[in-house]
1. Restricting to the stretch 101-138, name every residue that is outside any helix (DSSP H, G or I) and among the charged types (D, E, K, R).
2. Given the residues Y310, Y340, which is the only one that is in a loop (DSSP other than H, G, I, E, B), among the aromatic types (F, W, Y) and more than 25 Å from K147 (Cβ to Cβ)?
3. Take the conditions over 18 Å from D78 (Cβ atoms) and at pLDDT 90 or above and apply them to L157. Does it pass?
4. Residue by residue through the stretch 211-249, note down the ones that are modelled with pLDDT of 90 or more, of a type outside the set (D, E), surrounded by 12 or more Cβ atoms within 10 Å (Cβ to Cβ) and over 30 Å from N276 (Cα atoms).
5. Look through V141, V176 and report the one residue that is in a strand (DSSP E or B) and touching a residue at least 40 places away in the same chain (Cβ under 8 Å).
6. Residues of the stretch 314-343 being touching an Asp or Glu at 6+ places or on another chain (Cβ under 8 Å) and of a type in the set (F, W, Y), which ones?
7. N94: of a type in the set (S, T, N, Q), under 21 Å from I207 (Cα atoms) and either surrounded by fewer than 18 Cβ atoms within 10 Å (Cβ to Cβ) or assigned by TED's automatic domain parsing to the domain that holds G218 (or both), yes or no?
8. Can you spot a residue in the stretch 98-111 that is farther than 26 Å from G74 by Cβ and out of contact with any strand residue (DSSP E or B) (no Cβ under 6 Å at 6 or more places or on another chain)?
Amino acid sequence: MTSTRVKAAIKDAYTNPKNPSAFTSVANIHKFLKPKFKSLTYEQVEKVLEDLESFTLHRPTRKRFPRLKTLASGLFTDFQADLVDMSKYKKTNNNTTFLLTVIDIYSRRLYVRPLKNKGGVEVSKALSEIFKEIGTSPMSVYTDEGKEFYNTNVKTLFKETGVSLISTKSELKCAVIERANRTLKTRLAKYMTQKYGYKYIDVLQKIVKGINNTLNRGIGKKPVDVKRGDFMVPLPEDVEKRTKFQVGDHVRISAKRQIFDKGYDQGWTTEVFIVNKVLYRKPIVYNLLDTNGEEIEGIFYGRELTKCTYGRDDLYRIEKVLDTRIHKGKKQSRVKWSGYPDSFSSWVDSDSLVNL
């Protein structure tokens, strides 16, 4: 248990600009205070700093860390899917704006369908065509969280065909389909350069057939030659048992940052979330709820979360006042909370607002 005196010292070491440790890291604060508090631990410092918004919002984020592998149970059991933006060539390719790409994880066999838009009707129709071409539907399809996959039409198709839709709220998408997309785009670009034009739609399926007939270094075979039983289905790895977060913990999510972001920009969401489930895989991943109890789609890696404290009676920043009213004789303001979606906007007593 950290004493009140030690907590105050830790917060002062972090927030007082006169201290060399001010606004630095847990390690620096610990090193700064250790001579004065001999028994002080790194974990004690970290726990106290988790109370401070200025610490949790700007904690360093890591983009590279171990992630879940997509392991196929067999031939045509597990797919990855994505869209390739081809809008700049649509005038010469029958108004094709996107290419739906689907790859079988086991064989690396690629399937492609041209789309005029990425609406649910168009995408579900193309997926259905691919399932019919293969002669079966998979058990699972892994995608990013785009609306092209998370819509009523696709969900209905998957429900009818017994397909599970799986995604992760990560900056990095499905690695196998991303690699296939690069191969496809490179071959199409070379073809268009060779032809001194931008029309590719007439040879699209020939290009795809060529890719499927090329030796894939990842599996050591041509995708079209892969048959059931060619590769051993890997056994599940031993799962991790040590979890960084517990159910009920309050956390922030690593903000999706572009490559040009500066280090001083906020690296974590202002909005606070709650750990709802711990999924014991390798590595461990988590399901989250927002503070209204709504489930957040997708799974989260421990490296994408940072622990923080949360209390409904704490002070929170307001982005703007939306409206005012008199309610039961008291003036109230409807406010939009900074860093939170519109669904969190709420009425509060106007005399509870504080100017900082």
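The values are calculated or read from the model by the stated rules, or taken from the named source; none is laboratory data. If you're wondering where the values come from, they're calculated on a predicted model, not measured in any experiment. Quick reminder, even Gly has a Cβ in these numbers, built from the backbone with ideal geometry, and neighbours come from all protein chains shown.
1. Initial filter on the stretch 101-138 (outside any helix (DSSP H, G or I)): 101-119, 135-138.
Matches in the stretch 101-138: D104, R108, R109, R113, K116, K118.
2. Values: Y340 fails: more than 25 Å from K147 (Cβ to Cβ).
Sole residue among the options that is in a loop (DSSP other than H, G, I, E, B), among the aromatic types (F, W, Y) and more than 25 Å from K147 (Cβ to Cβ): Y310.
3. Values: over 18 Å from D78 (Cβ atoms): no; at pLDDT 90 or above: yes.
So L157 fails the test.
4. Result: I211, N212, T214, K222, P223, V224.
5. When all the criteria are applied, what remains is V141.
6. Of everything in the stretch 314-343, those that are touching an Asp or Glu at 6+ places or on another chain (Cβ under 8 Å) and of a type in the set (F, W, Y) turn out to be W337, Y340.
7. Details: of a type in the set (S, T, N, Q): yes; under 21 Å from I207 (Cα atoms): yes; either surrounded by fewer than 18 Cβ atoms within 10 Å (Cβ to Cβ) or assigned by TED's automatic domain parsing to the domain that holds G218 (or both): yes.
Answer is yes for this residue.
8. Going residue by residue through the stretch 98-111, those that are farther than 26 Å from G74 by Cβ are 98-99.
Still in the list and also out of contact with any strand residue (DSSP E or B) (no Cβ under 6 Å at 6 or more places or on another chain): none.
No, the stretch 98-111 has no match at all.
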